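S.K.: Take a look at the following structure, please.
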Amino acid sequence: MPENIQVKLASRPVGLPTAENWTIESSPLPEVGDGQLLIQQAYVSLDPAMRSWISAARTYLPPVPIGAVMRAGAVGKVIASQHADYAVGDYVYGSTGVQQYALSDGEGLFKVQTGMVPLSNYLGVMGMTGFTAYFGMLHIGEPKEGDVVLVSGAAGAVGSIAGQIAKIKGCHVVGVAGGPEKCRYLTEELGFDAAIDYKSENLRAAVKRHCPKGIDIYFDNVGGEILDIALSRLRIGARIPLCGGISQYNATEAIQGPSNYLALISCRAKMQGFLVFDFAKDYAKAALELGMWLAQGQIKSRETIVEGIETFPDTFLRLFNGDKLGKLVLKVGAE
Ligand SMILES: NC(=O)c1ccc[n+]([C@@H]2O[C@H](COP(=O)([O-])OP(=O)(O)OC[C@H]3O[C@@H](n4cnc5c(N)ncnc54)[C@H](OP(=O)(O)O)[C@@H]3O)[C@@H](O)[C@H]2O)c1
């Protein structure tokens, strides 16, 4: 009989999570009751937001309880079902956690099609991070031809797609990422107009050099210093989709807020936070358009896939040390 390996939260981290914050446990597969289905998970999504879910503070979701399976999005195959809407062999996406098998009552699950794109794409470009880029850039950023767009976290899951969508809309796109390999990826593979390596360049000077007339859209994945610099270079009527602030997620002291926020007044600019879930009713539309752009080669996506559920404590840290390209995915079982 196969066993189910699960990653559970053992304690709340202070700063960066360590191995002590997790337990990895094995247990027999659960029985499938009436109205339930069992999913054999193939890929688990690793997302920066998971850091906020393991803090004690309530964000837009309640904290993951100590001792519970770590919350995460995942895709896998239905291997047993007593649920009217799901059959054995269906592939599904859901917030089903860091584990190899998930028992579900169907709540919050989506069926996904196989054969069109790799299954792992439903955690990235054809899933939550792709939708975040799509709605954040199009609905909050409102790109127009000729706009100057700055994207931070640009070689990551959201940023790489957000920048390419702005290119499709005819914008001049500058990405900010850590290291020469990521910067080359942005300009040579994804068609960004320029890339700034924030780990080796003077960020303020580089933003000024690449955006000499200022910025119309700053798509913020990072917060902290880069947000402040972007605020100091806004054009009249600029828009800032506030997507995330990863530079602050492991802070042990007060969060670094933007001191240049008065620029929003003088530039009559808009800075707006959003959650991808706000746009759930339009996911099908986003999937259609992203799928079309992918098929036509107008957007490209990369994934860093790490094998083995037991690597979770170390692999999760790669979101914060930048040791990955594109979407970070954990492979926990066969497709
Ligand atoms: N609002 C929403 O609904 C929503 C949905 C999904 C994601 N998000 C947010 O969007 C952002 C990007 O998420 P993602 O899934 O695409 O993650 P990701 O960009 O694929 O991975 C995180 C990247 O952030 C960069 N990074 C880490 N620490 C940094 C720091 N101190 N300063 C600058 N860059 C740093 C690293 O790249 P480098 O090597 O370039 O440093 C790392 O690869 C996150 O803030 C996330 O919370 C929001």
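S.K.: Yes or no: GLY333 more than 19 Å from ALA157 (Cα to Cα), part of a loop (DSSP other than H, G, I, E, B) and not β-branched (Val, Ile, Thr)?
M.R.: Spelling it out, GLY333 is indeed more than 19 Å from ALA157 (Cα to Cα), part of a loop (DSSP other than H, G, I, E, B) and not β-branched (Val, Ile, Thr).
S.K.: Oh, and also: Do we find a residue being without any contact (Cβ under 8 Å) to a residue 24 or more places away in the chain, in the same structural domain as ALA251 (by TED's automatic domain parsing) and not β-branched (Val, Ile, Thr) anywhere in the range 152-166?
M.R.: Taking every residue of the range 152-166 in turn, none turns out to be without any contact (Cβ under 8 Å) to a residue 24 or more places away in the chain, in the same structural domain as ALA251 (by TED's automatic domain parsing) and not β-branched (Val, Ile, Thr).
S.K.: Can I ask one more? Go through the range 286-310 and give me each residue that's open to solvent by 30 Å² or more (accessible area, probe 1.4 Å) and farther than 24 Å from GLY115 by Cα.
M.R.: Matches in the range 286-310: GLU310 only.
S.K.: Sort through ASP197, ASP216 and tell me the only one that's in the same structural domain as ALA263 (by TED's automatic domain parsing), touching a residue at least 60 places away in the same chain (Cβ under 8 Å) and open to solvent by less than 50 Å² (accessible area, probe 1.4 Å).
M.R.: ASP216
S.K.: Being touching a residue at least 12 places away in the same chain (Cβ under 8 Å), in a loop (DSSP other than H, G, I, E, B), aliphatic (A, V, I, L, M) and under 30 Å from GLU20 (Cβ atoms), is that true of even one residue in the range 310-326?
M.R.: Checked the range 310-326: at least one residue is touching a residue at least 12 places away in the same chain (Cβ under 8 Å), in a loop (DSSP other than H, G, I, E, B), aliphatic (A, V, I, L, M) and under 30 Å from GLU20 (Cβ atoms).
S.K.: Are there any strands (runs of 3 or more DSSP E) wholly within the range 178-249 with 3 or more residues that are touching a helix residue (DSSP H, G or I) at 6+ places or on another chain (Cβ under 6 Å) and within 13 Å of the ligand (Cβ to nearest atom), and if so which?
M.R.: Those strands (runs of 3 or more DSSP E) span 194-197.
S.K.: Among the numbered criteria (1) buried (at least 20 other Cβ atoms within 10 Å of the Cβ); (2) within 22 Å of VAL158 (Cα to Cα), which single criterion is violated by SER95?
M.R.: Status for SER95: all satisfied but (1).
S.K.: Right, something else. Restricting the first residue to the range 1-19 and requiring it to be within 17 Å of SER52 (Cα to Cα) and in contact (Cβ under 8 Å) with a residue 12 or more places away in the chain, which pairs with a second residue that is open to solvent by 20 Å² or more (accessible area, probe 1.4 Å) and among the charged types (D, E, K, R) meet a Cβ separation below 7 Å and a spacing of at least six or different chains?
M.R.: LYS8/GLU25; ALA10/GLU20; SER11/GLU20
S.K.: Out of the residues in the range 101-148 that are away from the ligand (no atom under 16 Å from the Cβ), without any contact (Cβ under 8 Å) to a residue 60 or more places away in the chain and not assigned by TED's automatic domain parsing to the domain that holds GLY308, which is surrounded by the most Cβ atoms within 10 Å (Cβ to Cβ)?
M.R.: This residue is GLY146.
S.K.: Here is a follow-up. Looking at the range 12-55 only, could you name the residues that are open to solvent by 40 Å² or more (accessible area, probe 1.4 Å), in a loop (DSSP other than H, G, I, E, B) and hydroxyl-bearing (Ser, Thr, Tyr)?
M.R.: THR18
S.K.: Out of all the residues in the range 268-278, is one or more open to solvent by 90 Å² or more (accessible area, probe 1.4 Å), on the phi > 0 side of the Ramachandran plot and either at pLDDT 95 or above or not assigned by TED's automatic domain parsing to the domain that holds ILE226 (or both)?
M.R.: The answer is yes, given that some residue of the range 268-278 is open to solvent by 90 Å² or more (accessible area, probe 1.4 Å), on the phi > 0 side of the Ramachandran plot and either at pLDDT 95 or above or not assigned by TED's automatic domain parsing to the domain that holds ILE226 (or both).
S.K.: When you go through VAL44, VAL64, VAL14, VAL7 one by one, which is the residue that is closer than 27 Å to VAL158 by Cβ and in contact with a Ser or Thr (Cβ under 7 Å, 6 or more places away or on another chain)?
M.R.: Going through VAL44, VAL64, VAL14, VAL7 in turn, the sole match is VAL14.
S.K.: Just name the residue that is surrounded by the fewest Cβ atoms within 10 Å (Cβ to Cβ) out of those in the range 236-250 that are touching a residue at least 60 places away in the same chain (Cβ under 8 Å) and more than 19 Å from HIS139 (Cα to Cα).
M.R.: Once the filter is applied, the top-ranked residue is ASN250.
S.K.: Would you mind stating whether PHE320 is within 16 Å of the ligand (Cβ to nearest atom) and farther than 16 Å from GLY153 by Cβ?
M.R.: Here the answer is no, as PHE320 does not meet what is asked.
S.K.: Any residue that is in contact (Cβ under 8 Å) with a residue 12 or more places away in the chain and assigned to a loop (DSSP other than H, G, I, E, B) - is there at least one of those in the range 74-81?
M.R.: No: zero hits.
S.K.: Which is out of contact with any Leu (no Cβ under 6 Å at 6 or more places or on another chain) and either open to solvent by 50 Å² or more (accessible area, probe 1.4 Å) or over 22 Å from MET116 (Cβ atoms) (or both), of TYR283, TYR261?
M.R.: TYR261
The values are calculated or read from the model by the stated rules, or taken from the named source; none is laboratory data. These figures come from a predicted structure and were not determined experimentally. Methodologically, a virtual Cβ is constructed for each residue, glycine included, from the backbone with ideal geometry; neighbour enumeration extends over all protein chains shown. Just the protein is used for accessible areas: all its heavy atoms, side chains included, with ligands, DNA and RNA removed. Shrake-Rupley method; radii C 1.70, N 1.55, O 1.52, S 1.80 Å.
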